[in-house]
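The values are calculated or read from the model by the stated rules, or taken from the named source; none is laboratory data. On a predicted model such as this, the values are computed, not experimentally measured, just so you know. As a convention, Cβ positions derive from the backbone with ideal geometry for all residues, glycine included, and neighbour counts pool all protein chains shown. These accessible areas exclude ligands, DNA and RNA; they are computed on the full protein's heavy atoms, side chains included. Shrake-Rupley method; radii C 1.70, N 1.55, O 1.52, S 1.80 Å.
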Amino acid sequence: SKRAAIERGLRDAITERQFVLYYQPQVEPKSGLVRGVETLVRWNHPESGFVSPGTFIPIAENAGLIVDIGRIILY
C-alpha cells in the first residue's frame, strides 16, 4: 500500500537524514516586527522530491518514527 511504502521510505529517510529545515519568521502584523521563528520540516525524497508534511507526519506518528525525526531536527 501507499502508506506502507511511505513508512519504508521514512525509515530510509531517517537513516540517510533526508530532512530539510526551513525557518519561517512570525511577524507581528501591526508593527512588522519579527516575534519568533517557526521551524518547518520537509522530507526531500531522493526520487520523489519534497514530500508534503501532511503526507508523512501522520504516518511517522502512527509508526512511532516521529521521535527519531525529532532527534534529527534537534541535533
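Could you pull out the residue among Thr55, Thr15 that is touching a residue at least 40 places away in the same chain (Cβ under 8 Å) and among the hydroxyl-bearing types (Ser, Thr, Tyr)?
It is Thr55.
Output the number of the condition that Ile72 fails; it satisfies all remaining conditions of (1) exposed (fewer than 13 other Cβ atoms within 10 Å of the Cβ); (2) part of a helix (DSSP H, G or I); (3) modelled with pLDDT under 95.
Ile72 satisfies every listed condition except (1).
Residues checked against (1) under 16 Å from Tyr75 (Cα atoms); (2) outside any helix (DSSP H, G or I):
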| residue | (1), (2) |
| --- | --- |
| Gly9 | no, no |
| Pro25 | no, yes |
| Lys30 | no, yes |
| Leu40 | yes, yes |
| Ile57 | no, no |
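Within the range 32-49, restricting attention to residues that are free of Cβ contacts under 8 Å to residues at least 12 places away in the same chain and in contact with a strand residue (DSSP E or B) (Cβ under 8 Å, 6 or more places away or on another chain), which residue is nearest to Val20 (Cα to Cα)?
Among residues in the range 32-49 that are free of Cβ contacts under 8 Å to residues at least 12 places away in the same chain and in contact with a strand residue (DSSP E or B) (Cβ under 8 Å, 6 or more places away or on another chain), the one nearest to Val20 (Cα to Cα) is Gly36.
Yes/no per residue for (1) in a helix (DSSP H, G or I); (2) modelled with pLDDT of 95 or more:
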| residue | (1), (2) |
| --- | --- |
| Thr15 | yes, yes |
| Leu21 | no, no |
| Gly64 | no, yes |
| Asp68 | yes, yes |
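Report, by residue number, each residue of the range 3-35 that is open to solvent by 70 Å² or more (accessible area, probe 1.4 Å) and either under 13 Å from Ile57 (Cα atoms) or under 18 Å from the mean Cα position of the chain (by Cα) (or both).
Once the filter is applied, which keeps residues that are open to solvent by 70 Å² or more (accessible area, probe 1.4 Å) and either under 13 Å from Ile57 (Cα atoms) or under 18 Å from the mean Cα position of the chain (by Cα) (or both), the range 3-35 yields Arg3, Arg8, Arg11, Asp12, Thr15, Glu16, Arg17, Tyr22, Tyr23, Gln24, Pro25.
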